[in-house]
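Reviewing the structure listed below.
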Amino acid sequence: MKFKYTILYVDNVSETLGFYENAFGLERKMLHESGDYGELVTGSTTLSFSSFKLLKQLGKNPDKPNSQAPTFEIAFETDDVKTALSKARKAGALLVQDAEDMPWGQTVAYVTDNNGFLVEICTPVVNQP
């Protein structure tokens, strides 16, 4: 078994794809002609978005994210957190935590996306001696 994809539920899939393209430099893999489902190119695991409308049509009752009490985070790895953070903020991401060096050898920063989902921007973990 392998971890294939994560789907986040949003109001506007096309707008969300555009945000992730501008904020994090990701490439759009596809947007269904209905506009209710889309994917980004993110490596071997796909980051996907589905509309609340579609989920409700399928009998599900999705809830919106609460940026004050997140239940998970998306993490993007980069060698330059400060530059990536600046780009994300210019695209409309809201700062949660500025870039900070962690004791385990990683630099991390946190923002929320245009839907309120928590996004970590981090460097690879460097093993400490």
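Brief remarks on what is shown
- When segment 1-41 is limited to residues that are in a strand (DSSP E or B) and among the aromatic types (Phe, Trp, Tyr), the one that is farthest from Pro62 (Cα to Cα) turns out to be Tyr5.
- Taking segment 93-118 as the range and being hydroxyl-bearing (Ser, Thr, Tyr) and either loosely packed, with under 14 Cβ neighbours inside 10 Å or free of Cβ contacts under 8 Å to residues at least 40 places away in the same chain (or both) as the test, the residues that pass are Thr107, Tyr110.
- Residue within segment 107-119 that is outside any strand (DSSP E or B), under 11 Å from the mean Cα position of the chain (by Cα), within 28 Å of Lys2 (Cβ to Cβ) and hydroxyl-bearing (Ser, Thr, Tyr) present: no
- Count of segment 76-106 residues which are in a loop (DSSP other than H, G, I, E, B), under 19 Å from Pro124 (Cβ atoms) and among the hydrophobic types (A, V, I, L, M, F, W, C): 2
- Pairs with Cβ under 8 Å, 6+ apart, first in segment 37-55 and within 15 Å of Pro65 (Cβ to Cβ), second surrounded by 16 or more Cβ atoms within 10 Å (Cβ to Cβ) and among the small types (Gly, Ala, Ser): Phe49/Gly38
- Single residue of segment 42-75 satisfying the filter (in contact with a strand residue (DSSP E or B) (Cβ under 6 Å, 6 or more places away or on another chain) and part of a loop (DSSP other than H, G, I, E, B)) that is modelled with the lowest pLDDT: Ser67
The values are calculated or read from the model by the stated rules, or taken from the named source; none is laboratory data. What you are looking at is a predicted structure, and each value in this text was computed from that prediction instead of being measured. Glycine gets a Cβ as well: all are built from the backbone with ideal geometry, and neighbour counts include every protein chain shown.
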